Each structure stands twice: as structure tokens, then as C-alpha cells.
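Everything on this sheet refers to the single structure shown next.
The values are calculated or read from the model by the stated rules, or taken from the named source; none is laboratory data. All values derive from a computational prediction rather than experimental measurement. Ideal geometry is used to build each Cβ from the backbone, glycine not excepted, and the neighbour counts take in all protein chains shown.
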Amino acid sequence: MAKGLSVEEKRKRIISLFHDSGEFYQLKDIEKLGVKKGVTSQSIKDILMGLVDDGLVTTDKIGTSNYFWSYPSAVIQTKRNKLQDLTSSVEKQEEKKKKLQQLIQEATQDRQETEERAQLLAELKQEQNTNKELQAELQKYKENDPELYHKKEKASKIAKEAANRWTESVWEMQSYCVNKFGMERQLFDQTFGIKDDFDTVD
């Protein structure tokens, strides 16, 4: 039964142990209850520690034993903080992209389009990849917590608009490289790993 569970589904089931009961548990108890939830006992410890690392489960030593617990309010706050961090990161990436565009324009004004241009384009590619990762993680948080999404709808909208501005700017950069450097669009897409389905976020 648990064989086909994804890591994310296992995490949800382990968290539900705490939220459904509101109790404190030791690892051995979580392993027993986790199996009943369909999570293999061999994976429970790793899943649990991952939740601790992400701030979704709290642990402390009481006496000689380690106890674990989690409350919905704490999880919501943790995800809210994460969403705010992601939104801020997307906005910072947008600003950095603008600076890179300006540097590329300055580097090509005197037609010295060799080493410096290549370095700037490489930096732009790295920033594009980072932005994609941020968009993906931001989307994951919105999909996995509808309640949080509604509470933070305004922040999510800002992040989505920033991500879409980034996508449109990549298209502008593509046209710029085609017109200024004679680079073929297909080569640009291959160089920067742009797939056919690269598009704005709905």
C-alpha cells in the first residue's frame, strides 16, 4: 500500500498524526502509527527528521527521551514565513536581472562582445535557473496549502506578477541577442535551457 506513496504524501500523513491527536510522541510511537497510515517503517525516521528540519515538526528532549509534536497553527506560520521569503527572493531576482541586462547593453555598445558578454550571459542563465526553482517552490506551497494561499493571496499575486515579468524579460533578452548578436532563437533556447512550454504563470 505504501510502496507507491510520494515523499510529499508521506510527509502529509506523518504530520496528520500530530494534528489529528494533538499529542506528543516518541519516535517508536510515530513508527507504529505511521505504518497504520500506510508509511513504511524504514522511511519514517527520515521523513520525520525532514519535517523537523523544515520547521513543521518540533522536537525536544524531556528527561531521557526525545519527543516530537506539531500544531496546525505552527505549520501555517512556518509556511507563511516561507512564502514571504520566496516572494522576496523572486523580487530580488527580478532586480538582479535588470542589472544584468544593463551590463550586457553597456558591454556591447563598443562591440566588445567576447569574454565579458559571454560571462554576463552565463550569469543571466544562472539567474534564470534560480528563478525557475523559486517559481516551482512557490507553486508547491500554494498547491499544498489552499488555506494559506487564500490568506496570502495578495503576496502570491505579487510573486506571480514578478515571475511573469521575468519570463517576458527573458523573451526580450532573446530578441535582443537575436538582433544584436545574430544569435538564432533556437540556439538561444538551447543555450539557456528554454523549453517549448516556457511560458508565463497563470
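Can you tell me which residue in segment 23-49 is nearest to Tyr67 (Cα to Cα), limited to those that are in a helix (DSSP H, G or I) and small (Gly, Ala, Ser)?
Gly34
Could you please let me know if Ser16 is exposed (fewer than 11 other Cβ atoms within 10 Å of the Cβ) and either part of a helix (DSSP H, G or I) or at positive phi (or both)?
In short, no.
Given the condition within 23 Å of Lys10 (Cβ to Cβ), at pLDDT below 70 and not assigned by TED's automatic domain parsing to the domain that holds Phe24, answer yes or no: does some residue in segment 83-98 qualify?
Yes, some residue in segment 83-98 is within 23 Å of Lys10 (Cβ to Cβ), at pLDDT below 70 and not assigned by TED's automatic domain parsing to the domain that holds Phe24.
With respect to the numbered conditions (1) modelled with pLDDT of 75 or more; (2) surrounded by 12 or more Cβ atoms within 10 Å (Cβ to Cβ); (3) farther than 29 Å from Cys177 by Cα, which one is the sole condition not fulfilled by Val75?
(1)
Does segment 54-69 contain any residue that is modelled with pLDDT under 75 and out of contact with any strand residue (DSSP E or B) (no Cβ under 8 Å at 6 or more places or on another chain)?
Checking segment 54-69: not a single residue is modelled with pLDDT under 75 and out of contact with any strand residue (DSSP E or B) (no Cβ under 8 Å at 6 or more places or on another chain).
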